[in-house]
């Protein structure tokens, strides 16, 4: 087998969703070969058994790596760069987590046709819908336009559904493996924007799922202050290693996180709140003149 595309899928306790995800890969209609590279992070809900079932049916396409010890709990915040990408044989890599899925059987063909015809583009992505299963609501991501997207735009806003990403595998480097990173998909898009152009497609061809077991739901429902603290280091790392990102935007992100942490601790009467207030002023001293409670003017 000589796959043109490797599909990278990471899973953890996705038993209710993984069949729909894998089926959406297998129904792709393409004029090229593709492989499915799966990493499961020691699921305990039967996800691994389902993956093995599919791998036994499609041994020439599906290649699983099933952990017996959870790597995320050991401090491995970015899974795919360590365990999936090194196993990918394709010229291109498509990304989709095990609780998301694709909604168009022509998805891969459309994106590969574009990248094969536009060698100056390192990545393309497309529109997606959001399934909020807890509320039983379907809505749309911010609409993707048919145009090029720039580095600062990608950095500042949550624009790119992870299940929509297809990129050239030769752009990968060690920067996306750092333990200082909180997550990997947005960093990957910044790497692509640094090494080439990034194209958006308006076609809706994937679904992003928000459910009670997903990390997005946890972040929405509970203030995980330790996560916001980690994000400060995350953004510092991006500022040090991705020079195409505006330093002002890096500072803005750090300040946003500092103020969230400050308010969290201040409400609890914890004096550590002052540390994060001073850190916010260090990165944006102009805040001293604008007042603590006034909205920040984003530049």
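Just so you know, all these numbers are worked out from the coordinates, no wet-lab data involved. Not measured: the values here are computed from a predicted model. Backbone-built Cβ (ideal geometry, glycine too); neighbour counts: all protein chains shown.
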- Within segment 5-213, the percent of DSSP beta bridges that are antiparallel, given to the nearest 5, stands at 35 percent
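Going by how many other beta carbons lie within 10 Å of each one, how would you line up 182, 10, fewest first?
Numbers: 182 17, 10 25.
Listed from fewest to most nearby Cβ atoms, that is 182, 10.
Can you give the FRET efficiency to the nearest 0.05 for residue 174 and residue 65, using r as the Cβ-Cβ distance and R₀ = 35 Å? Don't skip to the end; give the middle numbers.
Details: r = 20 Å, r/R0 = 0.58.
Step by step, r from the Cβ atoms, then E = 0.95.
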- Message: Largest first, please: the extent of the C-alpha atoms of the chain along each principal axis, to the nearest Å.
- Response: 62, 43, 37
- Quick one: angle between helix 107-117 and the longest Cα principal axis of the chain, in degrees between 0 and 90, rounded to 10, please. 80 degrees
- For 115, 227, ascending order of other Cβ atoms within 10 Å (fewest first) is 227, 115
- Arranged by the count of other C-beta atoms within 10 angstrom, fewest first, what order do 250, 38, 79 take? 250, 79, 38
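Counting helices only, and only those DSSP H runs with n ≥ 4, report the 222 nm mean residue ellipticity of the chain as the sum of -39,500 (n - 2.57) divided by its residues, in deg cm²/dmol to the nearest 500. Write out the running numbers ahead of the final one.
On the way: 11 runs with 112 residues, N = 299.
Using -39500 (n - 2.57) per qualifying helix, the result is -11000 deg cm²/dmol.
If you stretched the chain out fully between residue 145 and residue 229, how much longer would it get, using 0.36 nm times the residue separation minus the C-alpha to C-alpha distance?
Details: separation 84, 0.36 × 84 = 30.24 nm, distance 3.33 nm.
Residue separation times 0.36 nm, minus the Cα-Cα distance, leaves 26.9 nm.
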- Item | Pair residue 202, residue 19: separation of 7 Å Cα→Cβ label points (nm) | 3.7 nm
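If you take the beta carbon distance between residue 32 and residue 248 as r and set R0 to 35 Å, what does 1/(1 + (r/R0)^6) give as a FRET efficiency, to the nearest 0.05? Walk me through the numbers on the way to the answer.
Working: r = 42 Å, r/R0 = 1.21.
For residue 32 and residue 248, the calculated efficiency is 0.25.
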- P(r) of segment 1-96 over all Cα-Cα pairs, binned every 10 Å from zero, in whole percent: 16, 51, 29, 4, 0
- Item | segment 218-280 - Kirkwood radius from inverse mean 1/r over Cα pairs (Å) | 12.2 Å
- Task: Please give the helix 47-57 orientation as an angle from the longest Cα principal axis of the chain, in degrees from 0 to 90, rounded to the nearest 10.
- Result: 30 degrees
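How long is the gain from residue 152 to residue 272 if the chain were fully straight, where each residue apart is worth 0.36 nm and the alpha carbon distance is subtracted? Display every interim value, and only then the final one.
Working: separation 120, 0.36 × 120 = 43.20 nm, distance 3.18 nm.
Gain on extension, residue 152 to residue 272, equals 40.0 nm.
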- Query: What's the FRET efficiency of residue 130 with residue 286 using the Cβ-Cβ distance as r and R₀ = 35 Å, to the nearest 0.05?
  - Reply: 0.50
- Does segment 160-212 classify as rounded, prolate or oblate by the C-alpha gyration tensor (a ≥ b ≥ c root eigenvalues; a/c under 1.5 gives rounded; else a/b over b/c gives prolate, otherwise oblate)? oblate
